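Okay, so here's the structure we're looking at.
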Amino acid sequence: MGNSSQRIEGSFITVAVGASPISAYRRIKLGTDGKYVVAGLTDYGDAVIERDAKADEVGVPARLVNAEGTQFGIAAGAIASAGLTLYSAASGEVSTTQGTNAVIVGKSSAAASNGDVTTYIGKSVA
C-alpha cells in the first residue's frame with residue numbers, strides 16, 4: 001500500500017524524500033513520483049520535515065501542516081514579532097513578505113531573524 005492510500009491518525013507521518021536532500025523544518029509537498037520535495041513559494045505544502053534528510057531517504061518524520069498547535073519553520077527574512085501573518089517563501093521557508101502568488105501558511109508565534117528556526121501557528125487546510 002502506497003502513501004496515497006494510507007490512513008493517517010495524528011499529526012505525524014513518515015515520508016520518502018526525493019532526489020535532493022532536505023534540511024529540517026522546511027515545508028514539503030508530495031512530488032509526482034510519490035516522494036516528498038521542498039515546497040516552493042506558491043505551495044502551501046503538505047507537511048514540515050522534522051529533521052535533516054538525505055536524498056532518497058525513506059522513513060523521515062514529518063508533521064502535517066494542519067496539525068494542532070505550533071509548527072517549526074525557517075524564517076526567510078526577519079519576523080518582527082508574534083501575531084504576524086506568514087506566507088509561503090522559496091525553499092520551504094516562511095516569510096512576513098507576501099511574494100507573488102505566495103499563500104498564507106499561518107501566524108508567527110515568536111520573533112526571528114533571517115534563517116532562524118521559528119515557530120508559527122499553522123493555517124488549517126480547507
In the stretch 69-126, residues that are of a type in the set (S, T, N, Q), open to solvent by 60 Å² or more (accessible area, probe 1.4 Å) and in contact with a Gly (Cβ under 7 Å, 6 or more places away or on another chain) total 2
Can you pull out the residues in the stretch 6-34 that are assigned to a loop (DSSP other than H, G, I, E, B) and buried (at least 19 other Cβ atoms within 10 Å of the Cβ)?
-> GLY18, TYR25, ARG26
Unique residue being open to solvent by less than 20 Å² (accessible area, probe 1.4 Å), within 10 Å of the chain's Cα centre (by Cα) and more than 22 Å from GLU9 (Cβ to Cβ) when the list is ALA53, ALA62, ALA39 | ALA39
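The values are calculated or read from the model by the stated rules, or taken from the named source; none is laboratory data. As the structure is a prediction and not an experimental result, all values here were calculated from the model. With ideal geometry, Cβ positions are generated from the backbone for all residues, glycine too; neighbour counts draw on all protein chains shown. We work out accessible area using only protein heavy atoms, side chains counted, and drop any ligands, DNA or RNA first. Shrake-Rupley method; radii C 1.70, N 1.55, O 1.52, S 1.80 Å.
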